[in-house]
Amino acid sequence: MEKITSPYKWGMVIDLDRCTGCGACVVACQAENNVAICAKKEINEGRNMHWLRIERFWVGEYPDVRGRFLPVLCQHCHDAPCEPVCPVYASYHNPDGLNGQVYNRCVGTRYCGNNCPYAVRVFNFYDHEHAWPKPLDNQLSPDITVRSRGVMEKCTFCIQRIRRAKEEAKGEGRLIRDGEVQPACAQTCPSEALVFGNMADPASRAARLARSPRRFRLLEHLGTHPSVYYLKGGGREHV
Amino acid sequence: MSEHTIHPKSASRMNDEMLSSLKPPTLRWYGLAFLLGAVVAWGIYAFSYMVTTDMSCTGLDRPVMWGVFIVNFVFWIGLSHSGTMVSAILRLSQANWRRPILRAAEAMTVFTVAVGGLFPLIHLGRNWVFFYLIPYPNQRGLWPNFRSPLLWDAMAITTYIIGSSLFLYLGMLPDLAVARDRAHGWRLKLYTVLAMGWRGTAREWVVYQQASTLMAALIIPVAVSVHSIVAWDFAVTVVPGWHSTIFPPYFVIGAIHSGVAAVITLMIVIRKAFHLEEYLTPLHFDNMGKLQLVITLLWSYAYFVEVQTTWYAHEPIEWEVYSFMAHKYTFILLLMLFGNSILPIIVLCFKRLRRSIPVMLAITLLINVGMFIERFLIIVPSLSHKNMPFVWGTYFPSWVELSITAGAFAGFALMYTLFAKTFPMVAMTDVHEYESQKALMLLGRTRVPSLVGKE
Amino acid sequence: MELLGIFKDVGSAASAVECLLREGFVEAQITSLTLVPYPDGVLVKTNQRTLFRWFTLACGIIGAGVGFILAAGTAWVYPVQTGDKPIIAFYPTGIVTYELTMLFFMVGTVVGMFLEMKLPNRAHRPYDAAITEGCIGISLSIHPGGEPVACEPGALPTECIGGIALLPAAEQKERAEEIMNDAGALRITTEVQP
């Protein structure tokens, strides 16, 4: 048994004061990751497949009401409750600090989904494998599988992009440069509310932002140690 | 001397009566078996429908990813508890009234744990790759994760099903010899193989009695561990309402609560069906009723403790789960409290009611309805209102889940019925032993029964 | 050769055993076949000591080893990090070890019991269906006869067959049958073991 170490600890910073709730990240995620397109019925039933959702809250009393938005994706916890409960190692921790999800291994106990306090794991209740009518199937990314029914899936921080960047960097004999790799959501965000980077590198933009006094993490009291930091200014708005 | 020895004729007659369940089945029995078989077939149809289409036919969603299947799992594993526990505890404490009850209780354990053990497999999203959960070397490079409570479940249930089957078989060994000596045809072959050539020599009895005692002592800690592990499935998570240290003992008590009730229900059914009124007397119901009363009090205490600590701490996320449960499921919550706690405590205090068969039937059925609800109320409200209010949801079981549940009940009844037709349903040897030890002794002006036997 | 007498009740069976002992047969040759267990000495005296619990214990220890290897050993050779839990985690290993220990204990108990009983036995031994109907069977295994069986050093007095072994088997059998009949045997069956 040898300890595998990595120079990367991927993480993200989400500036809530910048988020406009436009939803571009949700669409980008959907397009990048072959996330199944769900009909109204599925969404009504609570079986939508979004890996990233934007929670909207109304804050304040009329007429002083303000909409606040909270993009929630897999928090890639270092002490992830979803991982040890999986009986088949479908959910595991990779050396880069990511919560891996191995679709082929998943038998669908849905235990991870229950134990995820952020409720970011989505389960294929429907058979989505053939959910892309021609010619929509041409938009499917060849880098990732289309998940079959009965399998749990979730945000991977666009691991296929990280892999590609790693390979390129390895070919050139260097580490991935800050900003070189971004998940689809961060890439798309028009207000740059989402910043992705290597938290192990204290000089990276994400790591610098994560040291902001405005930072907090979701459900911090549970001790899950998420890799996703949120930034929010003080003031009357509270989310 | 002659008064406390068995008269051959009386032993023979007792065998006749106790083996009456093995008589050729009547038309009514076939009717019952067919009916149960039909319900099982419907359950299997519902399951195959779910497997061949997808899981959207269940009521499950995000966040309620576990529903009636897991309720069933906990319920059936709970039922399985008392069978063996009660039997083992009564054996060890040498309670003589236990004797006619043993077999019914032990058989119940084996079949309920068999039914319960199926549910974790039924509920899988990809049932067809269930063998990924089994630790065996394979070319896929897969190995299960023993840090997952589901693997502990798998280990515990395997141990328990093997252990309780052996316990049932061990208790039945001399009875199988009795059945063998009276059987013809295929039954003769079956009992000859299973009786292993038992003759009842003095040496065989010495070894047998020691083995029975040892087995009873071994099965109790296993039973406790099995339901503790089922409780850990919930208690080790970070789900509000589940993450509670009292869960393992509370689940064990709940399991015994429903199990004792089920043993009493089955005693009533067997008594009626096989005309065993002479062997299952009001005394047995009285004693089981007392046991049930104790367990009811324990359960009520555990429930009170669990709710009151949460109420006092008033931690908002946890309290949300409880208030959601009380608002959304008010009726079944009250039904559970009434049927599981209030009514049994009142009724079981009275000797006359404990000795009344219809009252006991009603009470024990109500307890098990209550316990099914209890499991539902543990699992579903916690998942419905987890930490993130944006993804709160609700759950209502679909026809598929209800059909499979009905199939499970019918499947248990069918297995039990088939067992009762194939194997002796009363622990005959234990009853005979008691009869052989009983003697009437002159004490003062009257003769009172006394017992001879080992200290 | 084994002789089996069927008696109606404990009283007559016990008196038959006493007469057999008086004749010179020994406890080790006589056993009772009964529907229910009787305290030692009511009919016959048998060795009360058993060894199968040592077998059970051995199985339990093996089970503990198997459980530990299954939980801790396999995790060590197949290390996958999950949720910041140690690869060889204390509680899960303990739980799996415990369950397998208990499993092996229970299987060991039943297997050990059958080994100690020497069951299943395929040899045809004298038996009567009346025993399970409440009659008492007294079984006597008869020495082939013709020579005295010397007591081996360390043997209990009840184990060595004395003068009665001098007689030919047929005569031993005759005497035993007579005693059993006098004591009120319902019937007597014999089985010659090959």
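The values are calculated or read from the model by the stated rules, or taken from the named source; none is laboratory data. All values derive from a computational prediction rather than experimental measurement. Note that each Cβ is placed from the backbone with ideal geometry, even for glycine, and that neighbours are counted across all protein chains shown. Just the protein is used for accessible areas: all its heavy atoms, side chains included, with ligands, DNA and RNA removed. Shrake-Rupley method; radii C 1.70, N 1.55, O 1.52, S 1.80 Å.
Keeping to pairs on different chains or 8 or more places apart, tell me how many lysine pairs in chain B have Cα atoms under 18 Å apart.
For chain B, the number of qualifying lysine pairs is 9.
Which of rounded, prolate, oblate describes chain A, given a ≥ b ≥ c as roots of the alpha-carbon gyration tensor eigenvalues and a/c under 1.5 marking rounded, otherwise prolate only if a/b is larger than b/c? Could you put the intermediate results ahead of the total?
Working: a/c = 1.40, a/b = 1.07, b/c = 1.31.
Rounded, since a/c falls under 1.5.
Could you name the aspartates and glutamates whose alpha carbon sits less than 14 Å from that of A:Lys166, not counting residues in the same chain fewer than 8 places away?
Straight-distance partners of A:Lys166: A:Asp96, A:Asp178, A:Glu180.
Quick one: which residues, 5+ away or cross-chain, put their amide H under 5 Å from the amide H of C:Phe7? H built at 1.01 Å from N.
Here C:Ile136, C:Gly137, C:Ile138, C:Leu186 satisfy the definition.
Among rounded, prolate and oblate, which fits the stretch A:2-81 when a ≥ b ≥ c are the square roots of the eigenvalues of its C-alpha gyration tensor, a/c under 1.5 means rounded, and a/b larger than b/c means prolate? Could the numbers behind the result be given before it?
Values: a/c = 2.30, a/b = 1.37, b/c = 1.68.
In terms of gyration-tensor shape, oblate.
What list of ³J(HN,Hα) values in whole Hz, one per residue of the stretch C:22-32 in order, does the Karplus curve 6.51 cos²θ - 1.76 cosθ + 1.60 (θ = phi - 60°) give from phi, with Gly and Pro shown as x?
In residue order, the calculated couplings are 5, 5, x, 6, 10, 3, 5, 7, 10, 9, 10 Hz.
Can you grab the distance from the C-alpha centre of the stretch A:14-48 to the C-alpha centre of the stretch C:79-105, Å, no decimals?
Cα centres, the stretch A:14-48 to the stretch C:79-105: 39 Å.
Using the alpha-carbon centroid of each, what span in Å lies between the stretch B:273-327 and the stretch B:76-113?
Each part's Cα centre sits 19 Å from the other's.
Over all residues in C:119-131, what is the mean tally of Cβ atoms on other chains that come within 10 Å of each residue's Cβ? Could you put the intermediate results ahead of the total?
On the way: counts 9, 7, 4, 1, 1, 1, 3, 1, 6, 2, 5, 4, 6.
The shielding value for this peptide is 4.
Return the subset of A:Lys154/C:Lys85; A:Lys41/A:Lys134; C:Lys118/C:Lys173; A:Lys170/A:Lys232 for which the Cα-Cα distance in this structure is over 30 Å, preserving the input order.
In this structure, A:Lys170/A:Lys232 lie more than 30 Å apart at Cα.
Kindly compute the accessible surface that chains A and B hide from a 1.4 Å probe when together, both sides summed, and give it to the nearest 100 Å².
So the total buried area for this chain pair works out to about 3900 Å².
Can you give the Rg and Dmax of the protein assembly as shown based on its C-alpha atoms, in angstrom?
Just the Cα atoms of the protein assembly as shown yield Rg and Dmax of 34.1, 119 Å.
For q = 0.15, 0.17, 0.19, 0.23 Å⁻¹, what log10 I(q)/I(0) does the stretch B:231-329 give under the Debye formula with an equal point scatterer on each alpha carbon and no solvent?
-0.72, -0.82, -0.92, -1.16
What FRET efficiency would be calculated for the residue pair C:Leu51, B:Gln94, taking the C-beta separation as r and a Förster radius of 22 Å, to the nearest 0.05?
Step by step, r from the Cβ atoms, then E = 0.35.
Which semi-axes, in whole Å and largest first, does the equivalent ellipsoid of chain B have when worked out from the alpha carbon gyration tensor as the square roots of 5 times its eigenvalues?
Over the Cα atoms of chain B, the semi-axes work out to 41, 26, 21 Å.
Loop only per DSSP, at most 13 neighbouring Cβ atoms within 10 Å: give me the trypsin sites (Lys or Arg not before Pro) in the stretch A:1-101, ordered by residue number.
On the way: sites: A:Lys3, A:Lys9, A:Arg18, A:Lys40, A:Lys41, A:Arg47, A:Arg53, A:Arg56, A:Arg66, A:Arg68; in loops: A:Lys3, A:Lys9, A:Arg18, A:Arg47.
When the trypsin sites (Lys or Arg not before Pro) of the stretch A:1-101 are filtered for loop state and at most 13 Cβ neighbours within 10 Å, A:Lys3 remain.
Need the C-alpha centroid separation for the stretch B:150-167 versus the stretch B:414-431, integer Å.
Cα centres, the stretch B:150-167 to the stretch B:414-431: 22 Å.
Calculate for the protein assembly as shown the 222 nm mean residue ellipticity that helices alone would give, adding -39,500 (n - 2.57) per DSSP H run of length 4 or more and normalising by residue count, nearest 500 deg cm²/dmol. Present the calculation step by step, with values, prior to reporting the outcome.
Numbers: 27 runs with 434 residues, N = 888.
Here the helix-only value at 222 nm equals -16000 deg cm²/dmol.
Could you check the spin-label model distance between A:Ser191 and B:Leu283? Points 7 Å from the Cα along Cα→Cβ, value in nm.
8.1 nm
Quick one: what Rg and Dmax do you get for the stretch B:177-216 from the alpha carbons, in Å?
Cα only, the stretch B:177-216: 12.1, 35 Å (Rg, Dmax).
Quick check for you: with a 1.4 Å probe and neighbouring chains kept, what is the accessible area per residue of chain B, in Å²?
Ligands and nucleic acids excluded, the figure is 39 Å² per residue.
Assuming 0.36 nm per residue, please report the length gained on full extension of the stretch B:Ile44 to B:Ser450 beyond their Cα-Cα distance.
This chain segment gains 140.8 nm when fully extended.
Over the stretch B:147-207, what percent of the accessible surface lies on carbon and sulfur atoms, probe 1.4 Å?
76 percent
Taking only protein heavy atoms and a 1.4 Å probe, what accessible area per residue, in Å², does chain C have with all protein chains in place? List each step's numbers first, then the result.
Working: 9430 Å² over 194 residues.
Roughly 49 Å² per residue, with all protein chains present.
Could you pull out every residue, at least 5 positions away or on a different chain, whose amide H is within less than 5 Å of the one on A:Arg147? Hs are placed 1.01 Å off N in the peptide plane, and Pro or chain starts have none.
none
How crowded by other chains is A:49-62, given as the mean number of beta carbons from other chains within 10 Å of each beta carbon?
Going residue by residue through A:49-62 and averaging, the value is 1.
Please give the FRET efficiency for B:Cys349 paired with B:Thr158, using the beta carbon to beta carbon distance and R0 = 35 Å, rounded to the nearest 0.05.
About 0.30, to the nearest 0.05.
Assuming R0 = 35 Å, what is the FRET efficiency of B:Ala406 and A:Trp58, from their Cβ-Cβ distance, to the nearest 0.05? Write out the running numbers ahead of the final one.
Details: r = 45 Å, r/R0 = 1.28.
Computed FRET efficiency for B:Ala406 and A:Trp58: 0.20.
Using DSSP H assignments, which helices in chain B have an axial alpha-carbon span of 18 Å or above and a mean Kyte-Doolittle hydropathy of 0.0 or higher?
Passing helices, by number: B:27-52, B:68-92, B:102-122, B:149-182, B:202-235, B:247-273, B:282-313, B:357-384, B:399-422.
Which of the trypsin sites (Lys or Arg not before Pro) found in the stretch B:24-120 are loop residues per DSSP with 15 or fewer other Cβ atoms within 10 Å of their Cβ?
none
Got a number for carbon plus sulfur as a percent of chain C's accessible area, 1.4 Å probe?
62 percent
If you look at just the Cα atoms of the stretch B:335-455, how large are its Rg and its Dmax in Å?
Computed over the Cα atoms of the stretch B:335-455, radius of gyration and Dmax are 23.7, 80 Å.
Please give the average number of partner chain Cβ atoms lying within 10 Å of the Cβ of each residue in B:157-168, rounded to a whole number.
Counting other chains' Cβ atoms within 10 Å and averaging over B:157-168 gives 4.
Past the 13 angstrom mark, what percentage of all C-alpha to C-alpha distances in the stretch C:52-116 do you count?
Everything past 13 Å amounts to 62 percent.
Of all alpha-carbon pairs in chain C, indicate the percentage at a distance above 26 angstrom.
52 percent
Using a 1.4 Å probe and counting only protein heavy atoms, how much accessible surface gets buried when B and C come together, both sides summed, in Å² to the nearest 100?
What B and C bury together is about 5300 Å².
Over the stretch A:10-231, give the accessible area per residue in Å² for a 1.4 Å probe, as an integer.
About 41 Å² of surface per residue is accessible.
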